[in-house]
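Reviewing the structure listed below.
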Amino acid sequence: MAIILNNKISLTTFSDYEPDRLAQSTLVFRPVSISLIRRRKKFIVRGGASETEATKAKSVESEKVSGSSINQLLGIKGAAKETNIWKVRLQLTKPVTWPPLVCGIAVGVAASGNFQWSVEDVAKSIVCMIMSGPCLTGYCQTLNDWYDRDIDAINEPYRPIPSGIISENQVIGQIWFLLIVGLGLARLLDVWAGHDVPVVFYLALGGSLVSYLYSAPPFKLKKNGWIGNSAMGVSYISLPWWAGQALFGTLKADIIILTLLYSLAGMGAAIVNDFKSIEGDTALGLQSIPVVFGIDTAKWICVGVIDVTQITVFGYLLGAGKPYHALALLGLLVPQVIFQFLYILKDPIKYDVLYQASAQPFLVMGLLVTALAVNGQ
């Protein structure tokens, strides 16, 4: 996981770009010298524009060369260029997005009230986490990158698919592999748990369908910010909770309603990811929340949805006679609000990843507190 950049690749990349720079310098120099003889004012304007373009190109090139190896493995922006196909495949699955799903399984398991610290129950939980995280979340992220390749060509042209590092057949093969393995593990868990109705398989199948509808045309739920982010909230909070609870217990109507309510906080967290894609979303006509409302309004919608949802759950727990759990949830909301003012409300584009890394653990811990409050219900 050390941040190391292969020297050979760096030198090759530099030399590859060098002729282009020389060509660009020649093209810029000739008209500039002519403009100097004829019109001094024109020279100044052209010189400034050329300088700006050169600075931008240099900045982009520098970013590509000095990208982080860790960011590449996690599948987040600022990644170093990588040619190892297995590292590229891992990057497409965006491991940074796995923890919320894995934690969601743990939350559902805790809410079931039937988990025992035995080898078998721990093994079931781990298999369920692998199904939810690396397999089905990996499927979702790879699928989304495939259908977002035109947007990424604008927003993040260095990503594996738009940059051509990985072939079309390799991407499609990975999508199918992760989907089949994920659904296979779901069916295995139903057999292992002795379910008459394969509820875990149905949840996995439903989540996979939502992922497809979210990314693929003509549906492409993400075209509408409210619908797309709501689907994300359900996928990241409700579905893993339901899968974990169904594996060891039963799902009841009040739990389903509570988790759907909590998914609104997940919708708010999903809006955070839309800020960095404003340029591409606007160009391709996607009506994300930041595109529709603008950055300043969207960032308040984002934090408002996250906070109001958790305050509502706080009220629910108080009404259910769980004051200590309610106060714990309220305490976990405080650092989230602090990070919102430090990062999202300050600059949601610059600090989106830092906010998620700082605030999301407290949101997940709040989920766990809620699960323990309804344990066995």
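Looking only at region 147-172, count every residue that is open to solvent by less than 40 Å² (accessible area, probe 1.4 Å) and of a type outside the set (Val, Ile, Thr) and tell me the total.
Narrowing region 147-172 to residues open to solvent by less than 40 Å² (accessible area, probe 1.4 Å): 148, 151-152, 155-156, 159-161, 166, 171.
When the remaining residues are screened for being of a type outside the set (Val, Ile, Thr), the result is 148, 152, 155-156, 159-160.
Number satisfying all stated conditions: 6.
Among the residues of region 247-299, those that are farther than 30 Å from LEU185 by Cβ and assigned to a loop (DSSP other than H, G, I, E, B) comprise ASP274, LEU284, GLY285, LEU286, SER288, GLY294. Against the definition (more than 17 Å from the chain's Cα centre (by Cα), under 17 Å from LEU247 (Cβ atoms) and assigned to a helix (DSSP H, G or I)), how does CYS135 come out, yes or no? No, not satisfied. Counting only residues that are under 30 Å from GLY280 (Cα atoms), open to solvent by less than 50 Å² (accessible area, probe 1.4 Å), aromatic (Phe, Trp, Tyr) and assigned to a helix (DSSP H, G or I), region 307-360 holds 3 of them. Checking GLY104, GLY113 one by one, the residue that is on the phi > 0 side of the Ramachandran plot, touching a Phe, Trp or Tyr at 6+ places or on another chain (Cβ under 9 Å) and not hydroxyl-bearing (Ser, Thr, Tyr) is GLY113 and no other.
A Cβ distance below 9 Å, combined with a sequence gap of six or more or placement on separate chains, defines the contacts here; from region 243-268, residues that are among the acidic types (Asp, Glu) reach residues that are buried (at least 16 other Cβ atoms within 10 Å of the Cβ) in the pairs ASP254/VAL374.
One residue stands out in region 84-118 among those that are β-branched (Val, Ile, Thr) and within 18 Å of LEU239 (Cα to Cα): the one that is most open to solvent (accessible area, probe 1.4 Å), namely VAL102. Looking at region 318-359, which of its residues are of a type in the set (Ser, Thr, Tyr) and over 19 Å from the mean Cα position of the chain (by Cα)? If the condition is that a residue be of a type in the set (Ser, Thr, Tyr) and over 19 Å from the mean Cα position of the chain (by Cα), then TYR324 is the only one that fits.
Restricting the search to region 91-122, which residues are hydrophobic (A, V, I, L, M, F, W, C) and closer than 26 Å to PRO162 by Cα? First the steps, then the outcome.
Within region 91-122, the first condition is being hydrophobic (A, V, I, L, M, F, W, C), and the residues that meet it are 92, 96, 98, 101-103, 105-107, 109-111, 115, 117, 119, 122.
Residues satisfying the conditions are LEU92, VAL96, TRP98.
Just a yes or no: is a residue in region 132-139 touching a residue at least 60 places away in the same chain (Cβ under 8 Å) and within 23 Å of THR370 (Cα to Cα)?
Yes, there is a match, as at least one residue in region 132-139 is touching a residue at least 60 places away in the same chain (Cβ under 8 Å) and within 23 Å of THR370 (Cα to Cα).
In the set (1) open to solvent by 40 Å² or more (accessible area, probe 1.4 Å); (2) of a type in the set (A, V, I, L, M, F, W, C); (3) in contact with an Asp or Glu (Cβ under 8 Å, 6 or more places away or on another chain), the condition left unmet by VAL200 is number (1). Here GLY304, GLY233 are screened, and the one residue that is within 22 Å of VAL96 (Cα to Cα) and touching a Gly at 6+ places or on another chain (Cβ under 8 Å) is GLY233. The set of residues from region 203-234 being open to solvent by less than 20 Å² (accessible area, probe 1.4 Å), part of a helix (DSSP H, G or I) and aliphatic (A, V, I, L, M) comprises ALA204, ALA231. In region 296-306 there is at least one residue matching the filter, namely being at pLDDT 95 or above, open to solvent by less than 60 Å² (accessible area, probe 1.4 Å), touching a Pro at 6+ places or on another chain (Cβ under 7 Å) and aliphatic (A, V, I, L, M).
Scanning region 138-160 for residues that are aromatic (Phe, Trp, Tyr), assigned to a helix (DSSP H, G or I) and at pLDDT below 90 gives no hits.
Do we have VAL122 as of a type in the set (Val, Ile, Thr), modelled with pLDDT of 95 or more and more than 24 Å from LYS87 (Cα to Cα) here? When the stated conditions are applied, VAL122 passes them.
The values are calculated or read from the model by the stated rules, or taken from the named source; none is laboratory data. None of the values given here were measured: they were computed from a predicted structure. Heads up, the Cβs are rebuilt from the backbone with ideal geometry, glycines too, and the neighbour counts pull from every protein chain shown. SASA here: full protein model, heavy atoms, side chains in, ligands and nucleic acids out. Shrake-Rupley method; radii C 1.70, N 1.55, O 1.52, S 1.80 Å.
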